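Colleague: One structure, as structure tokens, below. Some questions next.
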Amino acid sequence: MMKIKVYGPGCARCKQTEEVVRRALAETGVQAEVEKVSDIQALAAAGILMTPAVAVNEVIKVAGRIPKLDEVRAWVSAR
Amino acid sequence: MGQPGSAPQSAAWASTTGRRPRFAGVWRPLLAGAPLLLVWWLVYRNLAPFAAWVTYQVLSLKPGGLARSVEFFVFETPKVLLLLVLVVFGVGVIRSFFTPERTRQILAGKRESVGNVMAAGLGVVTPFCSCSAVPLFLGFVTSGVPLGVTFSFLISAPMVNEVALVLLFGLFGWKVAALYAGTGLMIAIVAGWTIGRLHMEGQVEPWVYSGPVAGHTQPGVRMEWAERLRYGRDAVREIVGKVWPFVLVGIAVGAGIHGYVPEGFMASIMGKAAWWSVPLAVLIGIPMYSNAAGIIPVVQALLGKGAALGTVLAFMMSVIGLSLPETIILRKVLKPALIATFVGVVGFGILIVGYLFNLLL
């Protein structure tokens, strides 16, 4: 199953990012496991320098901004 | 991921395949942009007569305090907003070339002095938000960027930013903007170097160095020009969208001071003669957290009423460059002694800048 990780130490923008991701999943009907990663060490280990960030199956798709709904839709349905 | 074209929408990573020539896609938006730029220029040039016309003809105000305030507001607000849109767009496009990953790669393993200078410079062009100061700090330090070099970056990134420079240029002229940028970079370089010399690696929370080495993000990516321009447009939407209320309020307060506070009123409080005004300005400025957009118009108005430039610069730098929220965030990775050193060294640098300009100008 597709695994989506939302990285962010818990700022408002990170919450919005998670909402966008969940909405994209709901709209496309794609099944995916969404994990919120807020531990700073885990963030560094994943190579994240700017938050919020989103990774799909361990590949970072966006960092430093809230992704747009269309973008997330494209990521989750591109396979 | 990594298959070309699988995510045409993603802005930063994993998009292009490199089949198209380097500047493909730049011409059409450039052609579309030229008339816009012309309109921008015409509007910008005619703001002063427009403000006078609104003040004295439309509102038919008598020359005096109110008229001065209104004219100031009607002139400065559109001017600053126009400059902001243009510069934030330009800087947004430039920033699409400098991701933090790339900056880190450049700085990793650099020798101190050279590294400090480069880090301060890169701090200006690399996208940065104090909310991600901690992951950035971790990512830099664990991948071999020296501590002092990391600090040079962390000092210059918030202090010498495009919003501050636009406002300084718009309200004070290019000389003050250049002075601010130059001395801001200087402080970032020297303070970072000093922190490096003090060998305070022991004052970083121990788990930082014992944790896993920072992973490396995606391979180098080439963006197409259309994407870079979109990056610039998004920057305008995000930054100008966030900052404009502060600009309005700041200019409104500035306009009030402009019209009603008597000339020379600030001379006794923030003038050259008052030696204690510089340290006081720094002390008041550090815990204050306002973005550049709100503070600069106010400060500009104070300058017109007899405040000394050095004192004013020091105040601005400490408000913009050192903020309480950022130090609280950094407490997660730094021990109090290092935070105190950081604030102390930077504050001291700002103090010197303040005195220097009061002496020279």
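The values are calculated or read from the model by the stated rules, or taken from the named source; none is laboratory data. In this text the structure is predicted, and so the values were computed from the model without any measurement. Backbone-built Cβ (ideal geometry, glycine too); neighbour counts: all protein chains shown.
Colleague: When you look at B:Ala292, is it crowded, with 19+ Cβ neighbours inside 10 Å and at pLDDT below 80, yes or no? Spell out the reasoning first.
Modeller: Numbers: crowded, with 19+ Cβ neighbours inside 10 Å: yes; at pLDDT below 80: yes.
Yes, satisfied.
Colleague: For segment A:58-79, which residues satisfy the criterion of being surrounded by fewer than 22 Cβ atoms within 10 Å (Cβ to Cβ), within 7 Å of chain B (Cβ to nearest Cβ) and either at pLDDT 85 or above or not in a loop (DSSP other than H, G, I, E, B) (or both)?
Modeller: Of everything in segment A:58-79, those that are surrounded by fewer than 22 Cβ atoms within 10 Å (Cβ to Cβ), within 7 Å of chain B (Cβ to nearest Cβ) and either at pLDDT 85 or above or not in a loop (DSSP other than H, G, I, E, B) (or both) turn out to be A:Val59, A:Asp70, A:Glu71, A:Ala74.
Colleague: In this structure, is A:Val21 touching a residue at least 12 places away in the same chain (Cβ under 8 Å) and closer than 25 Å to B:Leu154 by Cβ?
Modeller: Working: touching a residue at least 12 places away in the same chain (Cβ under 8 Å): yes; closer than 25 Å to B:Leu154 by Cβ: no.
Answer is no for this residue.
Colleague: Out of B:Lys305, B:Lys272, I need the residue that is of a type in the set (D, E, K, R), in contact with a helix residue (DSSP H, G or I) (Cβ under 8 Å, 6 or more places away or on another chain) and at pLDDT 80 or above. Which one?
Modeller: Numbers: B:Lys272 fails: at pLDDT 80 or above.
Every option except B:Lys305 fails the conditions.
Colleague: Taking the condition of being facing another protein chain (nearest Cβ under 10 Å) and within 11 Å of the chain's Cα centre (by Cα), how many residues in segment A:30-53 meet it?
Modeller: Within segment A:30-53, the subset facing another protein chain (nearest Cβ under 10 Å) is A:40-53.
If we keep only those that are within 11 Å of the chain's Cα centre (by Cα) as well, we get A:51-53.
Number of matching residues: 3.
Colleague: Can we say A:Glu27 is farther than 22 Å from B:Leu334 by Cα, exposed (fewer than 14 other Cβ atoms within 10 Å of the Cβ), within 9 Å of the chain's Cα centre (by Cα) and away from every other protein chain (no Cβ under 13 Å)? Walk me through how you get there before you give the answer.
Modeller: Numbers: farther than 22 Å from B:Leu334 by Cα: yes; exposed (fewer than 14 other Cβ atoms within 10 Å of the Cβ): yes; within 9 Å of the chain's Cα centre (by Cα): no; away from every other protein chain (no Cβ under 13 Å): yes.
Considered against the rule, which asks whether it is farther than 22 Å from B:Leu334 by Cα, exposed (fewer than 14 other Cβ atoms within 10 Å of the Cβ), within 9 Å of the chain's Cα centre (by Cα) and away from every other protein chain (no Cβ under 13 Å), A:Glu27 comes out as no.
Colleague: Enumerate the helices (runs of 4 or more DSSP H) found wholly within segment B:92-210, keeping only those where 2 or more residues are closer than 26 Å to B:Gly232 by Cβ and hydrophobic (A, V, I, L, M, F, W, C). Walk me through how you get there before you give the answer.
Modeller: Details: elements: B:100-107, B:112-125, B:133-142, B:147-159, B:162-172, B:174-197, B:206-210.
By residue number, B:100-107, B:112-125, B:133-142, B:147-159, B:162-172, B:174-197.
Colleague: Restricting segment B:72-111 to residues that are among the β-branched types (Val, Ile, Thr) and closer than 30 Å to B:Val253 by Cβ, which is surrounded by the most Cβ atoms within 10 Å (Cβ to Cβ)?
Modeller: Start the filter on segment B:72-111 by keeping residues that are among the β-branched types (Val, Ile, Thr), which leaves B:74, B:77, B:80, B:85, B:87-88, B:91, B:93-94, B:99, B:103, B:106.
If we keep only those that are closer than 30 Å to B:Val253 by Cβ as well, we get B:74, B:77, B:80, B:85, B:87-88, B:91.
Details: B:Val74: 22, B:Thr77: 20, B:Val80: 25, B:Val85: 16, B:Val87: 20, B:Val88: 23, B:Val91: 22.
Only one residue tops the list, namely B:Val80.
Colleague: Across segment B:311-348, what is the total count of residues that are of a type outside the set (A, V, I, L, M), surrounded by 23 or more Cβ atoms within 10 Å (Cβ to Cβ) and touching a residue at least 60 places away in the same chain (Cβ under 8 Å)?
Modeller: 2
Colleague: Which residue is surrounded by the fewest Cβ atoms within 10 Å (Cβ to Cβ), if the candidates are limited to segment A:1-23 and must be among the aliphatic types (A, V, I, L, M) and either within 11 Å of chain B (Cβ to nearest Cβ) or more than 15 Å from A:Leu69 (Cβ to Cβ) (or both)?
Modeller: Taking segment A:1-23 and keeping what is among the aliphatic types (A, V, I, L, M), we get A:1-2, A:4, A:6, A:12, A:20-21.
Adding the requirement that they be either within 11 Å of chain B (Cβ to nearest Cβ) or more than 15 Å from A:Leu69 (Cβ to Cβ) (or both) leaves A:1-2, A:12.
Working: A:Met1: 8, A:Met2: 14, A:Ala12: 11.
So the residue we want is A:Met1.
Colleague: Here is a check on your reading of the model: is B:Tyr231 among the hydroxyl-bearing types (Ser, Thr, Tyr), within 14 Å of chain A (Cβ to nearest Cβ) and in contact with a helix residue (DSSP H, G or I) (Cβ under 6 Å, 6 or more places away or on another chain)?
Modeller: Details: among the hydroxyl-bearing types (Ser, Thr, Tyr): yes; within 14 Å of chain A (Cβ to nearest Cβ): yes; in contact with a helix residue (DSSP H, G or I) (Cβ under 6 Å, 6 or more places away or on another chain): yes.
Spelling it out, B:Tyr231 is indeed among the hydroxyl-bearing types (Ser, Thr, Tyr), within 14 Å of chain A (Cβ to nearest Cβ) and in contact with a helix residue (DSSP H, G or I) (Cβ under 6 Å, 6 or more places away or on another chain).
Yes/no matrix, rows are residues, columns are (1) surrounded by 24 or more Cβ atoms within 10 Å (Cβ to Cβ); (2) modelled with pLDDT of 85 or more:
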residue: B:Ser113; (1), (2): no, yes
residue: B:Thr142; (1), (2): no, no
residue: B:Phe153; (1), (2): yes, yes
residue: B:Asn161; (1), (2): no, no
residue: B:Ala178; (1), (2): no, yes
residue: B:Val190; (1), (2): no, yes
residue: B:Gly202; (1), (2): no, yes
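Colleague: I would also like to ask the following. Is there any pair with a first residue in segment B:113-124 that is under 12 Å from B:Met186 (Cα atoms) and a second that is part of a helix (DSSP H, G or I) and among the polar types (S, T, N, Q) whose Cβ atoms are under 7 Å apart and which are 6 or more apart or on different chains, and what are they?
Modeller: So the pair list comes out as B:Asn116/B:Ser152; B:Ala119/B:Ser152; B:Ala120/B:Ser152; B:Ala120/B:Ser156.
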